[in-house]
Amino acid sequence: MEISPQDILLHVFTALAYAALALHFWRSRWQGSTPTPMTSSERMLILVPLAVHTWLLWERLLLSAELRFGFAIALSAMLWLTVLIYWVESLFMKLEGMQAPVLALAALCAPWPLLFPGLAAPPSAQTFEFRVHTALAMLAYSLFTMAAVHALLMTVLERRLHGRSGGGPITGPIAALPPLLTMESLLFRLIAMGFLLLTLTLASGVIYSETLFGLAMKFNHKTLFAVISWLIFAALLIGRHLYGWRGRLALRWTLSGFAVLLLAYIGSRFILEVVLQRALT
């Protein structure tokens, strides 16, 4: 696949802009003793690399004559949606302390499609079922990415609350986060929405598999890890509803389910594309 100089420049610009913003939020929120709310100018600045990132994904997934979809484009799309959703959430919640890690991850993942453009999809991947399946999967992965980031930050916040001495006020980026109970409620809303989309992803995968292979589900590593992840999140939501699971137990289940979900697609795509150099199946 030939990559134009314009695409290279746009990918590099996007990564550098995300990185600059991440550094800005790190210095102003994570290192500051009294985090301040996001300003309108900061929100507008985030929209600049986000808009360029949107165009790059749109061009790669919808306008390109040859559809290539691999682990690198999946990571890039996941972080694009994560930045977008956090940007929207920041309009209603105090999320200043969460911008730095999210933007840093976006800076890291945005240029990866240049290094690993992916393998050409077969003609069967141009079907409507496959495109719906792909869109649902990206939405589900992005929501679970957000849930994992929330879980990590909640772990930090919980340890900070339990470890502080003297009862003094919390300072630094932790002070910019919502209360722990609010973050926990938001975490389970994200997991519930992600679980619904993951269920629809598996269901649309069954339809796509029946259309293409004449089988209800083609068994492979991706299917195995996706089903395991679905079972983990199903158990977590049931445990939350019936037994009131929360705290460290819920955080461990969340991170475990997210790790397995990454293996379901990104890990298997990396092995196929980089290690085994096999075509998209």
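Throughout, read-outs are computed from the coordinates displayed, never taken from laboratory work. These figures come from a predicted structure and were not determined experimentally. Counting neighbours? That spans all protein chains shown, and the Cβs are built from the backbone with ideal geometry, glycine included.
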Q. What ranking do 243-253, 198-208, 95-105 get when scored by the average of other Cβ atoms within 10 Å per residue, highest first?
A. 95-105, 198-208, 243-253
Q.
If neighbour count is taken as other Cβ atoms inside 10 Å, put 185, 90, 256, 40 in order from fewest to most.
A. 40, 185, 256, 90
Q) Could you state the number of Å between the C-alpha centres of the range 4-58 and the range 243-264? A) 29 Å
Q) Fewest to most neighbouring Cβ within 10 Å: what's the order for 228, 46? A) 228, 46
Q: Restricting things to alpha carbons, find the Rg to Rh ratio for the range 1-118 using the Kirkwood radius for Rh.
A: 1.01
Q) How much net charge surrounds residue 185 when only other residues with a Cβ under 12 Å from its Cβ are counted (Lys, Arg +1; Asp, Glu -1)? A) +2
Q) Of 241, 150, 53, how do they rank once you tally other Cβ atoms within 10 Å and put the fewest first? A) 241, 150, 53
Q: May I ask for the net charge around residue 36, where only other residues with Cβ less than 15 Å from the Cβ of residue 36 are counted and Lys, Arg are +1 while Asp, Glu are -1?
A: +2
